[in-house]
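Have a look at the structure below before the remarks.
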Amino acid sequence: MSDSKGNKSKKSEKLISGFLLILLLLTLIVMGFWAVNIVSSHLKSNSASFARDNNSPIPVKTVSVENKPVSASLVTQAMLVENQELEIFPTSNSLVKAVHVQVGDLVKKGDSLVTFHSELLKAKVELERSMTDISKEEYDDAVRNFEKVKGLFEKNLVGQDELTKATLNEKLANSKLINSQYNLTAAEFEYSQVEIKAPVGGVVTSVSAFENTLVQMSTSIVNLSVTNPIYVEAKVAQRYFSDLSLGQMVTLNLDAFPDKTYHAEILRLGYEVDQVSDTVSVYAKLDNPLLKLRPGMGGIANIELNASETQGLRIPAISLLGSNGRNAFVFVVDNNNVARLKEVSIVGYEQGFVGIKSGLEAGDNVVVVGQQALIDGDTVESKDET
């Protein structure tokens with residue numbers, strides 16, 4: 001009897017186990033279908049290829065092209081460079097009396113650089129003035145003699161040879177007077193240069209004059225690095241060259257003076273493209289009356305591009321595909337919800353937006369989310385981005 005009860009108990013356990021197993025399998029099947037539906041729904045809403053294979057619209061987000069201008073500007077690194085290196089020569093072979101500058105000094109226009117002993121120069125002026133006076137007397141005598149001989153010739157009292165001789169003497173005396181006057185002017189100019197002054201502001205880069213030494217007029221005595229005005233050199237990608245012109249404004253922020261903004265204007269455009277960096281040098285003139293700005297100082301330059309190139313359209317910069325700074329591609333959704341790939345010309349970036357020169361019209365719907373997975377001609381389900 002106990003064996004019979006045991007057999008019934010085992011059969012009951014088997015039935016319960018089988019039932020639980022069937023219930024578990026049914027549960028797994030239901031959960032599997034549920035998971036498949038979730039994954040399928042997720043793929044339909046997020047996978048472009050899945051949606052495309054199943055003839056479903058691809059979900060994207062779009063924005064409308066705004067009829068709003070973007071400031072056309074270019075931000076690039078810049079460095080201050082000297083205007084030029086100026087060599088200063090004495091006007092004559094002179095004896096140095098005093099040197100007032102040394103290498104590294106800042107000098108302003110009109111500052112004294114070198115003075116010479118003036119005695120010899122003054123004596124030369126007096127000598128040339130005396131020679132000029134003598135030449136003037138000789139010329140006056142030659143003119144009077146010419147007039148006299150001419151009168152006698154007209155009365156047939158002297159021959160042609162006498163008149164020719166008097167004419168030649170008058171011309172020689174005039175030539176000698178002109179030469180003396182030139183020498184006097186040159187001597188007076190040399191005497192006026194007894195003190196050499198800085199013709200412009202700058203930094204002294206070399207001095208080759210010393211007290212009580214003779215300097216030659218063929219040798220520079222002071223070299224100046226001209227820094228007023230000083231130049232801003234900015235390297236600009238050559239694709240922007242057509243957007244640059246003389247007189248354009250440049251805003252400069254220097255690392256040495258972070259709290260100050262400087263304003264310059266383009267003075268010169270480089271004539272050669274750097275083959276390594278694919279850039280052209282742009283030079284802007286910056287006034288530097290206090291000579292605080294030195295060559296080699298670096299910073300960031302913001303160059304305003306030609307206003308005529310700026311159109312009144314803008315789109316988010318994240319919508320661009322394959323941008324090279326001048327051209328890019330975007331997807332535009334048409335009235336039939338079809339995404340079309342369009343090439344656009346761009347100019348200027350401003351706070352996440354990019355200006356459009358051509359390729360779009362105000363009101364076009366541009367894809368800003370999901371465009372990386374699109375193919376031209378895809379059907380999309382667009383949702384405006386707010």
statement: Descending packing, highest mean Cβ count within 10 Å first, for 296-303, 198-205 is 198-205, 296-303
- line: Charge tally for neighbours of residue 136 with beta carbon under 14 Å away, counting Lys, Arg as +1 and Asp, Glu as -1, is -4
statement: Violations at 31 Å Cα threshold for listed pairs 124/148; 197/285; 122/148; 122/292; 68/383; 122/165 -> 124/148; 122/148; 122/292; 122/165
message: Given a 1.4 angstrom probe, I'd like the percentage of the accessible area of the chain that is carbon and sulfur, rounded to a whole number.
response: 54
- line: Net charge (Lys, Arg +1; Asp, Glu -1) of residues whose beta-carbon lies under 14 Å from that of residue 287, residue 287 excluded, is +4
task: State in Å² the accessible area per residue of the chain; use a 1.4 Å probe, count heavy atoms of protein chains only, and round to the nearest integer.
output: 61
field: Where chymotrypsin sites (Phe, Trp or Tyr not before Pro) fall in DSSP loop in the stretch 154-215, at most 13 other Cβ within 10 Å
entry: 210
message: Explain nothing, just compute: Karplus ³J(HN,Hα) = 6.51 cos²θ - 1.76 cosθ + 1.60, θ = phi - 60°, for every residue of the stretch 146-155 in order, whole Hz, x for Gly and Pro.
response: 4, 4, 5, 5, 4, x, 5, 5, 5, 9
Furthest towards positive pole of dipole, 289, 252, 275, structure part the stretch 250-291, Cβ charges: 289
- prompt: Under 5 Å between amide H atoms, partner at least 5 residues away or on a different chain: which partners does residue 250 have, H built in plane at 1.01 Å?
  reply: 264, 265, 266
- line: Once amide hydrogens are built 1.01 Å from N within the peptide plane, the residues lying 5 or more places from residue 358 or on another chain with amide H under 5 Å from its amide H are 345
- prompt: Suppose every K and R has +1 on its Cβ and every D and E has -1 on its Cβ; what is the size of the dipole of the stretch 211-298 about the Cα centre, in Debye to the nearest 20?
  reply: 120
- prompt: Is any residue of the stretch 279-306 close enough, with backbone N under 14 Å, to a label point placed 7 angstrom from the Cα of residue 261 along the Cα-Cβ axis, and if so, which?
  reply: 300-304
Within the chain, helix-based [θ] at 222 nm, where runs of 4 or more DSSP H residues each add -39,500 (n - 2.57), nearest 500: -11000 deg cm²/dmol
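The values are calculated or read from the model by the stated rules, or taken from the named source; none is laboratory data. In this text the structure is predicted, and so the values were computed from the model without any measurement. Cβ: placed from backbone, ideal geometry, glycine included. Neighbour counts: every protein chain shown. Surface accessibility is based on the protein's heavy atoms, side chains included, excluding ligands, DNA and RNA. Shrake-Rupley method; radii C 1.70, N 1.55, O 1.52, S 1.80 Å.
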